[in-house]
Amino acid sequence: MDLGANASQQGRGLILQICACLWAMIALAGPVYGEDAPRESIPNQLPSAQALTFASLEGVKIKIKIVTEMLVQRDGFQGPVTQDSDWSIAIGPEGKIDWSYQPTSHSRVGDRVGQKITTTATLDTSWYTPNGEANWQFTDGMLVFVRSYKNAGAYRMNIALKQDGQNLSCSAASTFARERGKEKITMNSAIDGAPLTIFSWKTISSTCDVTR
């Protein structure tokens, strides 16, 4: 996809609409925490944290696992569910991001593994999902994934990348969000696509591993 000036301006315009119109209206959950994990040496051409750019991350691969406890309702049942979210992200040239996502839920009915989603996106370019609009952004060493939900609410994942000498490390944090004044988020389940309502959520753990 062309990343020329016009496409870039249009993409950023869509992002500003999501961030300004959605996140300004929502009440975020409490803070979530990731783990810094020093890794093997990274080639010298990778700049310091102060100069970290998206282009300098070409070839970098990131693996993330986030575990979230939620109070949900579906099919007339309301109760707790723990969801593991496994992400695999590869940064390519010209703003390309190859990524995959696979959820696993643990509840009273047992463990259920959702379909693995694998696709390619372009930085600062929005696309539509069955739940709503989504995009990837990058600012000051922070790679951000944002997805809105048509039935009110959103999901955001922040990936903080840090350069320390030749070592590159990352930490990941995520949160759901609901419109201010709303008590729940309604979406299609990431496990089987069925309608799902989330009333509350809390991140239990978050790990991030980065390699080149």
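The values are calculated or read from the model by the stated rules, or taken from the named source; none is laboratory data. Given the structure is predicted, the values throughout are model-derived calculations rather than measurements. Every residue, glycine as well, gets a Cβ built from its backbone with ideal geometry; the counts of neighbours run over all protein chains shown.
Considering region 80-100 alone, what residues qualify as being polar (S, T, N, Q) and under 17 Å from E58 (Cβ atoms)? Correct list: S88 only.
In region 52-75, what residues are of a type in the set (S, T, Y) and either in contact with a Pro (Cβ under 6 Å, 6 or more places away or on another chain) or at pLDDT below 95 (or both)? Correct list: T53, S56. Going through (1) surrounded by 19 or more Cβ atoms within 10 Å (Cβ to Cβ); (2) more than 28 Å from V72 (Cβ to Cβ); (3) not charged (D, E, K, R) one by one, Q166 falls short only on (1). Filtering region 89-125 to residues that are under 22 Å from A55 (Cα atoms), among the polar types (S, T, N, Q) and crowded, with 17+ Cβ neighbours inside 10 Å leaves T122, T125. Looking across region 59-85, the residues that are touching a Lys or Arg at 6+ places or on another chain (Cβ under 9 Å) and surrounded by fewer than 17 Cβ atoms within 10 Å (Cβ to Cβ) come down to G59, K61, E69, Q73, F77, G79, P80. Taking the stated definitions as given, is T122 hydroxyl-bearing (S, T, Y) and touching a helix residue (DSSP H, G or I) at 6+ places or on another chain (Cβ under 7 Å)? Spelling it out, T122 is indeed hydroxyl-bearing (S, T, Y) and touching a helix residue (DSSP H, G or I) at 6+ places or on another chain (Cβ under 7 Å). Only strands (runs of 3 or more DSSP E) whose full extent lies in region 97-211 are considered here, and the ones with at least 2 residues that are free of Cβ contacts under 8 Å to residues at least 60 places away in the same chain are 110-113, 117-122, 133-139, 142-148, 154-164, 185-188.
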